[in-house]
Each structure stands twice: as structure tokens, then as C-alpha cells.
Amino acid sequence: MSNDLEVEQHSNVKAIYLTDDDLKIAGSLIYQAYRHDPVFKDIFQSETEGYEDRLRSAIREELNNFLRAEQPMIGLFEDDRLVAVACLNSSESAFGGGRYWHWKFKMLLTAGFVGTKQLLEKEQKILENVPAEHFHILSFIAVHPGEQGTGLGSLLLSAVESAMLEDKNSQGVAVFRTLDKYKQLFEGNGYRPLKEMEIGNIQGMLMFRDRVE
């Protein structure tokens, strides 16, 4: 796949695939975006000491797993500054029992048995409830706090669609939305609600963006 992705014109912002050199900054953006996410607060036990360290470690391991599995990690750069990140997994990649053993081991150390089970349960429920055989899952989407409300979210989803279209077998993109404030963003970019789901103690909406050539 090419390094650059097609997105709508937006000042001096461009979308490219991330490399290992970008993972530290990408992890920081994702941490800021997900530290208050209900699913991650539940999985990593936000009420107990060390929550932030556990979440940072889990995000770092997930990004390393994306890199190992050669799954799309997309960054929006304003000049040389990374301002937004999205990470995709294909439904054929290392889900459920197919995950790398070292991922399981590290997640057990980070999230514990119950937390690791919930992470895998989330992926399995998505696989079971998306009406497509081959598709992508939007695992992370994050915009720099100082750049929110500037249209970068829609620009990032445009880049996500471009990445999905590069896979001729993919039928679309799924996302599990837990916060109502993101409903308009996803619906405004062609994602339709599929089913309300519960992961652990948290409810959310599974949404899907069908492939449109």
C-alpha cells in the first residue's frame, strides 16, 4: 500500500500510514482520548491505583501488535506535527484465540484475567454482530485535544475509508461507540447503527460504514 492516503483538502494537513517512529506520540494521543472512555475505565479498573499506567501499557502493546500484524495505523500530520490517529484491524487478523501469545501474556499482566477476557469479548461480539464476512474494525480514533472541533475527526474518517478501500476484500468499517458525543461524527460520515451491545458493565452502539466505491 502507498504511504499517503487520499483525504479531502484541509489546509496543510495530510494523512499517512504511521511507522514505529510515530508510535510514542500516537500512543500519547490515544491515551488522552481514551482515559475517560467507559469501556477502558471498566476493563482497567479506573477506581484502583495504577489505572493510568495500566492503560498506557495496554495502548503501547496494542500499537506494537498493530505493527507486528501489519494493520493500518493512520496519522494526520499538520506539517510535521501528528494531530490525529486512527487504528484499524481487519476481521481476518489476530482476533480472539488467534492473537499472538505474547500479546495475551502482556495483557494478562496489564489488564488481568478479567480485563483481557473483556477485550477479547469485545472483538468477538463485533465479529458476531457485523453482517459482513470481511471488514475492518476501527479500534482507536483520537484527535489532539487542542484540535478538536476543527473538522479533523471527519478528515480522519475519510482517511480510514481510503485505507479500507485499499483492501479489495473489505466490505466496510465497524466501530463500537460508547459516548453519545461521537454519535453525530460517525453518523455524519456514513456509519449506521447496527446493535446495542454490552461489554463488561458498559453499554454502547455497534456501528458500520458500508463500502461505497
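Per-structure values
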item	result
Residue count, the stretch 5-37 (criterion: modelled with pLDDT of 90 or more and either under 16 Å from L88 (Cα atoms) or part of a helix (DSSP H, G or I) (or both))	20
The listed residue being at pLDDT below 90 and touching a Cys at 6+ places or on another chain (Cβ under 6 Å), out of F66, F40	F66
Tally of residues being of a type in the set (A, V, I, L, M) and either touching an Asp or Glu at 6+ places or on another chain (Cβ under 9 Å) or open to solvent by 50 Å² or more (accessible area, probe 1.4 Å) (or both) across the stretch 9-39	5
Filter result (in a helix (DSSP H, G or I) and modelled with pLDDT of 90 or more) within the stretch 128-148	E128, N129
Residue that is least open to solvent (accessible area, probe 1.4 Å), among those in the stretch 199-209 that are under 17 Å from the mean Cα position of the chain (by Cα) and without any contact (Cβ under 8 Å) to a residue 40 or more places away in the chain	M207
In the stretch 43-60, residue most open to solvent (accessible area, probe 1.4 Å) [restricted to those that are more than 17 Å from the chain's Cα centre (by Cα) and charged (D, E, K, R)]	E49
Residue identified as of a type outside the set (D, E, K, R) and touching a helix residue (DSSP H, G or I) at 6+ places or on another chain (Cβ under 6 Å) among I16, I30	I30
Unmet criterion (only one of (1) touching a residue at least 12 places away in the same chain (Cβ under 8 Å); (2) open to solvent by 30 Å² or more (accessible area, probe 1.4 Å)) for E196	(1)
Residue within the stretch 108-115 that is modelled with pLDDT of 70 or more, aromatic (F, W, Y) and either open to solvent by less than 30 Å² (accessible area, probe 1.4 Å) or on the phi < 0 side of the Ramachandran plot (or both) present	no
Residue in the stretch 146-162 that is among the aliphatic types (A, V, I, L, M) and open to solvent by 20 Å² or more (accessible area, probe 1.4 Å) present	no
Options S2, S46; residue that is modelled with pLDDT of 85 or more and either at negative phi or not in a helix (DSSP H, G or I) (or both)	S46
Count of the stretch 173-199 residues which are touching a helix residue (DSSP H, G or I) at 6+ places or on another chain (Cβ under 7 Å) and part of a strand (DSSP E or B)	9
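The values are calculated or read from the model by the stated rules, or taken from the named source; none is laboratory data. Predicted model only: the values in this text are computed from it and were never measured. No Cβ is skipped: glycine too gets one built from the backbone with ideal geometry, and neighbour counts run over all protein chains shown. With ligands, DNA and RNA removed, areas are computed over all heavy atoms of the protein, side chains included. Shrake-Rupley method; radii C 1.70, N 1.55, O 1.52, S 1.80 Å.
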